[in-house]
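*Asks:* Before we start, here is the structure in question, set down as structure tokens.
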Amino acid sequence: MFKVTPNPPENTGTPAEESLDTATLDREAADRAFAHYFPPTHNKQSKRRKGRLFTVANNIDSEALLANASEDMLSISAIAAKLADDVEGSNRSVALALSRIADGAQLMVERALDHLEELIAARQEAKT
């Protein structure tokens, strides 16, 4: 009788598992998976976020920053207080809360500014 398929090849003596280097294959698979899920970061931009509308220049001293922050807090408080006069109910309570939060933050900024001025004065006295 004639067979359509040929006989299987003769056994060469080495099992298929021994002919493969599993350690190398495992390492290569791990490297591919790591590269896929964690691509290289060498072309990353600086730590700045994209779409940032406002930035603060690096060369502005702390005293100027604190003074501006204090003025901004006063403005926020005034806006919230004005809004509280124009609304009623729970919205009034929210506006008054915002005004109080801004007042508290403004007081903290003012205290930091006072400490900074004391530090600057102490440094100037130490130099003389």
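What follows draws every value from the coordinates through simple rules; no lab data is involved. What you see is a predicted model; the values in this text were computed from it and never measured. In this analysis, Cβ positions are derived from the backbone assuming ideal geometry, glycine residues included, and neighbour counts consider all displayed protein chains.
*Asks:* Only residues in the stretch 56-67 that are surrounded by 10 or more Cβ atoms within 10 Å (Cβ to Cβ) count as the first member; pair them with residues that are assigned to a loop (DSSP other than H, G, I, E, B), Cβ under 8 angstrom, at least 6 apart or cross-chain, and list the lot.
*Replies:* From residues that are surrounded by 10 or more Cβ atoms within 10 Å (Cβ to Cβ), the pairs are L65/V56.
*Asks:* Still on this model: Can you tell me how many residues within the stretch 87-107 are surrounded by 14 or more Cβ atoms within 10 Å (Cβ to Cβ), within 10 Å of M73 (Cα to Cα) and free of Cβ contacts under 8 Å to residues at least 12 places away in the same chain?
*Replies:* Matching residues across the stretch 87-107 total 1.
*Asks:* Separate question: Quick check on S70: is it closer than 22 Å to I120 by Cβ, in contact with an Asp or Glu (Cβ under 8 Å, 6 or more places away or on another chain), part of a helix (DSSP H, G or I) and among the hydroxyl-bearing types (S, T, Y)?
*Replies:* yes
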